[in-house]
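Q: Take a look at the following structure, please.
The values are calculated or read from the model by the stated rules, or taken from the named source; none is laboratory data. Just so it is clear, the structure is predicted and the values come from calculations on it, not from any experiment. Virtual Cβ from ideal backbone geometry, glycine too; neighbours counted across all protein chains shown. These accessible areas exclude ligands, DNA and RNA; they are computed on the full protein's heavy atoms, side chains included. Shrake-Rupley method; radii C 1.70, N 1.55, O 1.52, S 1.80 Å.
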Amino acid sequence: MAQVDRQQWDVVVVGAGGAGLRAAIEARERGARTAVICKSLFGKAHTVMAEGGIAASMGNVNEGDNWQVHFRDTMRGGKFLNQWRMAELHAKEAPDRVWELETWGALFDRTPDGKISQRNFGGHEYPRLAHVGDRTGLELIRTLQQKIVALQQEDFKEYGDYEARLKVFQECTVTRVLKSGSAGGSDAGAEPRVSGVFCYERETGRFFVLEAPAVVLATGGIGKSFKTTSNSWEYTGDGHALALLAGAPLVNMEFVQFHPTGMVWPPSVKGILVTESVRGDGGVLRNSEGKRFMFDYIPDVFKEKYAQTEDEGDRWYEDPDNNRRPPELLPRDEVARAINSEVKAGRGSPHGGVFLDVSTRMPAETIKRRLPSMYHQFKELADVDITAEAMEVGPTCHYVMGGIAVESDTAATPGVPGLFAAGEVAGGMHGSNRLGGNSLSDLLVFGRRAGLHAAQYASALAAPPAVSQAEVDAAAAEALAPFHADEGAENPYTLHQELQTAMNDLVGIIRREAEMAEALERLRGLRARAARAGVEGHRQFNPGWHLSLDLRNMLLVSECVARAALERTESRGGHTREDCPSMERDWRPVNLLCRLVEPAAGDGPDADRIRLERTRTEPIRPDLLALFEKDELAKYLAEEELYE
């Protein structure tokens, strides 16, 4: 029997990025004793990589902006596969969340008349991104951390303990969401409910359990399953896998966003992000022949809204009301595919990207003032002065639009009482493609909602669900398995490299049926080998052991991505198939759910773990459809939807 420390909380938030911290603040302010647990150091969150700004229709720079326009842009960007109620809530509530941040101490850039400044971004009709230079995500995290500390100081005054009602566990990993009603428990047979999480300290390897009736997953994305990515080491799909293992489905995992502008050189920094605000402030994309090629890649559904000539595109920066925006500001999926096509046609840069030029578009001092992080990033990492020469950029795996299926209003997962999700780990909000700037507003809007409803759920229970010793023992045995591998054990680092190569090469930015089928075969082989992954040494800081446990999560989410991508026979947003190049209206109302399959008796470790299920999307409310022209709707909606 595993002897582990147990602590009791009302709400546990897994992840301390923007969504997790915002959820924790809301839960604590609603009276719930709240624990936050994060894999890395407190404040070291992927949110800081969202550099350009927070999308919110405050109308500070153009009074024509409002929530309806933001809703329209978000739905167009997601190719109408968005969970429309989430898109509506997001557009309506984002301005309040930005103003709230300001009252908590965020220092936004200002307009000449003192309002919060807003900048242009791809896919947004008006200047909409509230920003702090190109360090907006960092300012957001700093502000939320400051709010956490302020709440802890309030608790110290009242209870004499800073962590009485809000505690942060840093450098800890959650390996299982625990549920009541499990086999071996005293309440076996009762309706299964979330009862806590099983965790370990990364430095010491010590196991512990946080008992809580409500758990909010806010762990971010899955980028480390791909070879070229902007994501850092923590992004191993932990929350996605934890939800699957707890019984919650994932939705539309085939939609993976490849940000068009990651660094391509030198190899040590390949994939690191170049913010979209470089293009929003006037940067242009050129191929090796010096041509602004994006004018050749404007899809039919966007032709009426984008400039057809360089002169018109350049005039838009000074007079946006009387000119159409340049095609460098198309949604990210369109720009990424265009860059990929130029490189494939032999018109790429020396290191396999294209050129992003801002040096000929504005004075050096203006570049240093508006894009200070980008200036230093290229100067220090690639020895490139972006005030004097162009940057080499190319697509990099950046964000997953698919994720844990949630109810739009409450962020609750269906079928698992007590489990909530917010931020990148939750699916539905962005449809098939996320617009830049919508990630920060998403995590604020739905982080708050997840914290609110988790606290309400916990307080409504008569008694917290019990954590069974049998489930704790099983979680401990699973976590210790890599130390008991037989002779000839597999190296987890080798398995991880092979997984990244398979996903990057076979389920990457351009997909083909035969390659995705091959990817699934390779994943079967990797699952079998991962079951034999072994490590040496002990539990005190042991990176190989940590990776062995992360592999379970990456293999699960990779199977979800590959299986859903093979099933959806069309191209839409972040899912591009060379063998099915068109967006098909019949696929518009189809969601693909991934559910975990428990292995049958006699199944080996290579057995398929994911079952796909087709469901129909909820019909879009008529008053929201009325925000669009009928001709535009006819480009997206299925035939039967137009007549409903």
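Q: Filter the stretch 211-255 down to residues that are within 29 Å of R28 (Cα to Cα), polar (S, T, N, Q) and not in a loop (DSSP other than H, G, I, E, B), then give me how many there are.
A: Counting residues in the stretch 211-255 that are within 29 Å of R28 (Cα to Cα), polar (S, T, N, Q) and not in a loop (DSSP other than H, G, I, E, B) gives 0.
Q: Keeping to the stretch 129-146, report how many residues are open to solvent by 40 Å² or more (accessible area, probe 1.4 Å) and out of contact with any Asp or Glu (no Cβ under 7 Å at 6 or more places or on another chain).
A: 4
Q: P395 versus (1) closer than 23 Å to K227 by Cα; (2) in contact with a strand residue (DSSP E or B) (Cβ under 6 Å, 6 or more places away or on another chain); (3) open to solvent by less than 20 Å² (accessible area, probe 1.4 Å): which is the lone unmet condition?
A: (3)
Q: List the residue pairs whose Cβ atoms are under 9 Å apart, where the first residue sits in the stretch 260-285 and is within 24 Å of G313 (Cβ to Cβ), the second is charged (D, E, K, R) and in a strand (DSSP E or B), and the two are 6 or more positions apart or on different chains.
A: Listed pairs, sorted by first residue: S277/R119; G280/R119; D281/R119; G283/D357; V284/D357; L285/D357.
Q: Looking only at strands (runs of 3 or more DSSP E) that fall completely inside the stretch 1-104, which ones have 1 or more residues that are of a type in the set (S, T, N, Q) and open to solvent by less than 30 Å² (accessible area, probe 1.4 Å)?
A: Answer list for the stretch 1-104: 34-37.
To keep it simple, each residue is scored yes or no on (1) within 19 Å of the chain's Cα centre (by Cα); (2) modelled with pLDDT under 95.
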position	(1), (2)
M75	yes, no
F80	yes, no
G105	no, no
N120	no, yes
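Q: Quick check on my filter: what residues within the stretch 174-201 are surrounded by fewer than 19 Cβ atoms within 10 Å (Cβ to Cβ) and at pLDDT 90 or above?
A: Passing the criteria: only E201.
Q: In the stretch 402-461, which residues are within 19 Å of the chain's Cα centre (by Cα) and among the polar types (S, T, N, Q)?
A: If the condition is that a residue be within 19 Å of the chain's Cα centre (by Cα) and among the polar types (S, T, N, Q), then S408, T410, T413, S432, N433, N438, S439, S441 are the ones that fit.
Q: Here's a follow-up. Between S373, S359, S408, which is within 26 Å of E334 (Cβ to Cβ), assigned to a loop (DSSP other than H, G, I, E, B) and small (G, A, S)?
A: Exactly one of S373, S359, S408 is within 26 Å of E334 (Cβ to Cβ), assigned to a loop (DSSP other than H, G, I, E, B) and small (G, A, S), namely S359.
Q: Among what's in the stretch 436-457 and is buried (at least 24 other Cβ atoms within 10 Å of the Cβ) and among the aliphatic types (A, V, I, L, M), pick the residue that is nearest to L144 (Cα to Cα).
A: The residue in question is L444.
Q: While we're on this one: Within the stretch 483-501, does at least one residue satisfy the condition of being out of contact with any strand residue (DSSP E or B) (no Cβ under 6 Å at 6 or more places or on another chain) and closer than 30 Å to V278 by Cβ?
A: Yes; the residues of the stretch 483-501 include at least one that is out of contact with any strand residue (DSSP E or B) (no Cβ under 6 Å at 6 or more places or on another chain) and closer than 30 Å to V278 by Cβ.
Q: In addition: Within the stretch 113-133, is there a residue that is β-branched (V, I, T) and in a loop (DSSP other than H, G, I, E, B)?
A: Within the stretch 113-133, one or more residues are β-branched (V, I, T) and in a loop (DSSP other than H, G, I, E, B).
Q: Now, a different point. Kindly list the number of the only condition in (1) in contact with a Gly (Cβ under 8 Å, 6 or more places away or on another chain); (2) within 26 Å of P363 (Cβ to Cβ) that fails for L250.
A: All conditions pass for L250, except number (2).
Q: Over 24 Å from I404 (Cβ atoms), of a type outside the set (D, E) and outside any helix (DSSP H, G or I): is that true of A601 in this structure?
A: For A601, the condition - over 24 Å from I404 (Cβ atoms), of a type outside the set (D, E) and outside any helix (DSSP H, G or I) - is met.
Listed here are the residues, each with its yes/no results for (1) within 29 Å of S117 (Cβ to Cβ); (2) out of contact with any Pro (no Cβ under 9 Å at 6 or more places or on another chain); (3) outside any helix (DSSP H, G or I); (4) not polar (S, T, N, Q).
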| position | (1), (2), (3), (4) |
| --- | --- |
| T275 | yes, yes, yes, no |
| M294 | yes, no, no, yes |
| I298 | yes, no, yes, yes |
| D314 | yes, no, no, yes |
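Q: Same structure again: Search the stretch 373-392 for residues being more than 24 Å from the chain's Cα centre (by Cα) and open to solvent by less than 20 Å² (accessible area, probe 1.4 Å), and hand back the single one that is modelled with the lowest pLDDT.
A: Looking at residues that are more than 24 Å from the chain's Cα centre (by Cα) and open to solvent by less than 20 Å² (accessible area, probe 1.4 Å), I get F378.
Q: Which condition from (1) surrounded by fewer than 24 Cβ atoms within 10 Å (Cβ to Cβ); (2) under 21 Å from the mean Cα position of the chain (by Cα); (3) in a strand (DSSP E or B); (4) not hydroxyl-bearing (S, T, Y) is the one that F208 breaks?
A: (2)
Q: Which residues, taken from the stretch 558-571, are within 24 Å of K224 (Cα to Cα) and more than 18 Å from the chain's Cα centre (by Cα)?
A: If the condition is that a residue be within 24 Å of K224 (Cα to Cα) and more than 18 Å from the chain's Cα centre (by Cα), then R563, L566, E567, R568, S571 are the ones that fit.
Q: Restricting the search to the stretch 317-342, which residues are of a type in the set (D, E, K, R) and assigned to a loop (DSSP other than H, G, I, E, B)?
A: Matches in the stretch 317-342: D319, D321, R324.
Q: A further question follows. Taking the stretch 414-435, which residues are open to solvent by less than 10 Å² (accessible area, probe 1.4 Å), more than 20 Å from R72 (Cβ to Cβ) and assigned to a loop (DSSP other than H, G, I, E, B)?
A: V416, G418, A422, G427
Q: Follow-up. Can E171 be described as within 23 Å of the chain's Cα centre (by Cα), of a type outside the set (G, A, S), within 24 Å of G436 (Cα to Cα) and open to solvent by 20 Å² or more (accessible area, probe 1.4 Å)?
A: No.
Q: Free of Cβ contacts under 8 Å to residues at least 12 places away in the same chain, assigned to a loop (DSSP other than H, G, I, E, B) and open to solvent by 50 Å² or more (accessible area, probe 1.4 Å), is that true of P619?
A: no
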